[in-house]
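First the structure, in the form of structure tokens, and then the observations on it.
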Amino acid sequence: MSESLPYKIVIGLEVHVQLATKTKLFCRCSTEYGNAPNTQTCPVCLAMPGAMPVMNREAFQLGMRTACALDLQIPLFTKWDRKNYYYPDLPKGYQISQFDLPMSEKGTLYISDPKGRFEPKDVGIIRAHLEEDAGKSMHDEANGKADSRIDLNRCGTPLLEIVSEPDMSSPEEAKAYLEELKLILSYLGVSDCNMQEGSLRVDANINLHIETKNGKIATPIVEIKNMNSFRAVERALHYEAPRQYDIWQETGGVIGEISKETRGWDDSAQVTRAQREKEDMSDYRYFPEPDLAPVTVTEAQIAEVKASLSELPQQIRKRLQADYKISEYDAEVIVNQGQATVDYYEALVSKVNDGKLAANWITQGVLRILKEQQIEIDAFPITTDRLADLLSAVQNKEIDTTRAKDVFEKLLESETSVADMMKEMGIEKVDDSAIDSLCRELLEANPKVVADLKAGKQQAVGSLIGQAKKKNPNIDPGSFRKLCLEIVQSM
Amino acid sequence: MSLSREDVEKVSLLSRLKLSEDELVVMTDQMSRIIDYIDLLSEVNTDDVEPMTHAVEQFNVFADDVVHQSLPRDEALANAPKRDDECFHVPAVLGD
Ligand SMILES: [Zn+2]
């Protein structure tokens, strides 16, 4: 689709992920979300004089796991630095972050689209580093000049900042990157990735490359903030690209001449708006954090972390396709639901020995119910044992797919076994002689249909199937149809 | 003078300090002298010295991820110049 555009879009993403620790990065205050304001603070996170930060071992481990999963290189020495700026939600007047020696750098993330909207590619990751979060400032807009209120519960919570190369060339690619990153993080269990609670935040950098008569130019970079969902990221980028093109056509302003601008996404108006610059804020005067000891890592430790990683989404997709002969699309749908759904699928396949059948019932049946009932697969009422019994009944032609779907719906509301449920619903396998006599009976009663069938109009058999189902709802339409056609042919 | 008046103005802005004309003159002089003093170090021959990334020869100081008691809220807020029962108060912060 980008071929028709008069420009090439260049997107880089900065993602802040809250790591799933129980305590903050440099003190042992709880990181639990949603508690009363300022009930999770101590001298360290309040920046009392003399208080000393101590690194959370678990936070560093989770950072290492993430780095390994993203193919990032982990240097054997890493340290922390002070990033200096004044803001009311930052009591120390600096954020402890990492500047020149981050804990990991140079990785990649593979993205693809089963719908084929873009070519698969490896997106480069510049670095992932460990830093602390700021507090929260709340301002009552209606109250105009009234004070802002500050809650420091979140202050000092561990974040991993993951910075991509500007390797994405469409909003769709950007969204795919975010979805795959989130999926990897959830498979790793390093973050709950809850965007509503701020556990995953995205800033996007975007500009355009334009071919002109005088050579290639690039428009000034814009950083977009305030996007509260991946959909919002996609929409903001879709809005921003043509806006930059229009501005460039008007002003001719290019990168270097015009400094980077920060814009906020307004989701209700679906536009980006210029944000007030915190003047001169870009000069953070980083220097080494003297209160915090650097961390050294050994090759053995890195190898240990790598060995401990569970299978990652892309590996599982490939394996499911190879082992169970399912489509890339089905593999994508199942894997994107998370580990629990993959486990459910594999348990089901092991019982019915038909990867495609199991995939169909999960993607079209189970996942639909999960969505309707807003539940997770762990709470899904039909166990793999019961679903396998139902699918076996389908495989043995004891029941046709349409009636199996009715049984499926009933199974959702009871704990009855499949056999009992089928009995209760009056479903039983019709033996071949019964199908045979019903065929002959209906063919005799419908000479017009027989004539049509003889004339090659196979669809005429449909009306007989309808009548047969009325006489005996347990008739398997496939077997009935096949038999009718055979009888007519031999007549 | 190793520091210009503009440098000091910029640093004071970044530090959110408002300096008077007189203070700017004094600070420019004093800060320049500090910088010049530190500059003595650049005369040392460092050819055979490993670059130092940290002042303390100590590594890998970790704490376990176990929750400790936080401060009672009233104590956390005790030093605030302005507060309510739950929060610190600061002059309005607009447009995040
Ligand atoms: Zn604390």
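Key figures
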| item | result |
| --- | --- |
| Per-residue mean of C-beta atoms belonging to partner chains within 10 Å, peptide B:51-61 | 5 |
| Distance from the range A:446-491 to the range A:39-62 (C-alpha centre basis), Å | 77 |
| Rounded to 10°, Cα long-axis angle of helix A:432-445 versus longest principal axis of chain A | 70 |
| Whether the range A:24-95 is rounded, prolate or oblate, judged on the alpha carbon gyration tensor where a/c under 1.5 counts as rounded | prolate |
| Projected label distance in nm at A:Glu141 and A:Glu409, using a 7 Å step from Cα toward the beta-carbon | 4.5 |
| Rg/Rg_ref, chain A, where Rg_ref = 2.2 N^0.38 Å and atoms are Cα | 1.31 |
| 222 nm mean residue ellipticity, helices alone, for chain A (DSSP H n ≥ 4; -39,500 (n - 2.57); rounded to 500) | -12000 deg cm²/dmol |
| Listed residues B:Tyr37, B:Val61, B:Val8: farthest to the positive end of the dipole of chain B (Cβ charges) | B:Val8 |
| Rounded to whole Hz, the Karplus (6.51, -1.76, 1.60) HN-Hα couplings of the range A:235-240, x for glycine and proline | 5, 4, 5, 4, 6, 6 |
| Size of charge dipole - the protein assembly as shown - debye, nearest 20, with Cβ of Lys, Arg +1 and Asp, Glu -1, no other charges | 2300 |
| Cα long-axis angle, helix A:384-395 against chain A (0 to 90 degrees, to the nearest 10) | 40 |
| Positive-pole candidate from A:Ala51, A:Ala340, A:His129, dipole of the protein assembly as shown, charges at beta carbon | A:Ala340 |
| Positive-end residue, chain A charge dipole about Cα centroid, Cβ charges, pick of A:Gly456, A:Leu62, A:Ile206 | A:Gly456 |
| Cβ-Cβ FRET estimate between A:Gln249 and A:Val271, R0 fixed at 25 Å, reported to 0.05 | 0.85 |
| Other-chain or far-sequence residues with amide H under 5 Å of A:Asn56's (modelled H) | B:Ala63 |
| Global form of the range A:174-308, assessed from the alpha-carbon gyration tensor, a/c cut-off 1.5 | prolate |
| Nearest-0.05 FRET efficiency for A:Thr402 and A:Lys448, computed from C-beta distance (R0 25 Å) | 0.45 |
| For A:Trp80, residues with placed amide H under 5 Å, excluding near neighbours | A:Glu289 |
| Euclidean distance between Cα centres, the range A:379-432 to the range A:356-370, Å | 15 |
| Debye, to nearest 20: dipole size of the range A:2-300, +1 on Lys, Arg Cβ, -1 on Asp, Glu Cβ | 420 |
| Dipole magnitude (debye, nearest 20) for the range A:307-424, charges at Cβ of Lys, Arg, Asp, Glu | 360 |
| For the range A:225-263 and the range A:175-212, distance of Cα centres in Å | 18 |
| Three-way shape label, the range A:432-490, alpha-carbon gyration tensor, a/c 1.5 | prolate |
| Other-chain or far-sequence residues with amide H under 5 Å of A:Glu165's (modelled H) | A:Gly124, A:Ile125, A:Ile126 |
| Gained length - A:Glu261 relative to A:Gln364, 0.36 nm times residue gap less alpha-carbon distance | 32.5 nm |
| Degrees, to the nearest 10: B:21-39 long Cα axis against longest axis of chain B | 70 |
| Charge tally in the Cβ shell below 12 Å around B:Val25, where Lys, Arg are +1 and Asp, Glu are -1, B:Val25 excluded | -4 |
| Inter-chain Cβ neighbour average for residues B:81-91, partner chain, 10 Å | 6 |
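All of the numbers you see were taken from the coordinates with simple rules; none came from a lab. The structure displayed is predicted, hence computed values, not measured ones. Neighbour counts are summed over all protein chains in view; Cβ atoms, including those assigned to glycine, are modelled from backbone coordinates with ideal geometry.
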